[in-house]
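Participant: Take this structure first; my questions come after.
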Amino acid sequence: MFVTLHGFHFGPPIITAVRSWFVNLVTALCEYCGRRFEPEIRVLDAIRSITAHLTPDQSPCLVLPPEAWDDSRLLSACPHCHEPVKFNPFMTDKRDTHECIDALEEQQDMESLRERLEEQRETGPPRGLLAWVQRLFKRKGCA
């Protein structure tokens, strides 16, 4: 069973520009071919101009007017498959994700250290505790 819609046009898929947390690079994922690409400078400039008045605590989805999504400067094409795409009028910045991951790892390391030290109080020093603590501090750049 198949459904055919008449009189309805989907338009190009809407994609989001994303600034990576591990490389200072903005990319987008093509919904047609599944490959990442760097958006054209003119598209990034359009996104910056549309969101220039927003503060970091404002959600573009809630604050931007509906016509922001209709801006023709957001239309582009995938450089790999040449299919049309349309960008959201905002960019996702994942650079803070790296800081959150580091903070979470540090918290987990400290919890693990507390557990090992508690173990030491009860049973005596476990084998390799000193080496483990030294590795922990070297990894965090403290040594």
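Participant: Can you say whether S20 is at pLDDT 95 or above, polar (S, T, N, Q) and touching a Lys or Arg at 6+ places or on another chain (Cβ under 9 Å), as far as the supplied structure shows? Walk me through it before giving the result.
Facilitator: Numbers: at pLDDT 95 or above: no; polar (S, T, N, Q): yes; touching a Lys or Arg at 6+ places or on another chain (Cβ under 9 Å): yes.
Taking the combined requirement at face value, the residue does not satisfy it.
Participant: Within segment 70-95, restricting attention to residues that are within 21 Å of the chain's Cα centre (by Cα) and surrounded by fewer than 18 Cβ atoms within 10 Å (Cβ to Cβ), which residue is farthest from R35 (Cα to Cα)?
Facilitator: R95
Participant: What are the residue pairs meeting all of these: first residue in segment 41-58, first residue within 15 Å of L74 (Cα to Cα) and assigned by TED's automatic domain parsing to the domain that holds K86, second residue surrounded by 10 or more Cβ atoms within 10 Å (Cβ to Cβ) and among the aromatic types (F, W, Y), Cβ atoms under 7 Å, and 6 or more apart or on different chains?
Facilitator: Pairs found: V43/F87; I47/F87; I47/F90; T51/F90.
The values are calculated or read from the model by the stated rules, or taken from the named source; none is laboratory data. Keep in mind that this is a model prediction, so the values were computed, not measured. Every residue, glycine among them, receives a Cβ derived from its backbone with ideal geometry; neighbour counts consider all protein chains shown.
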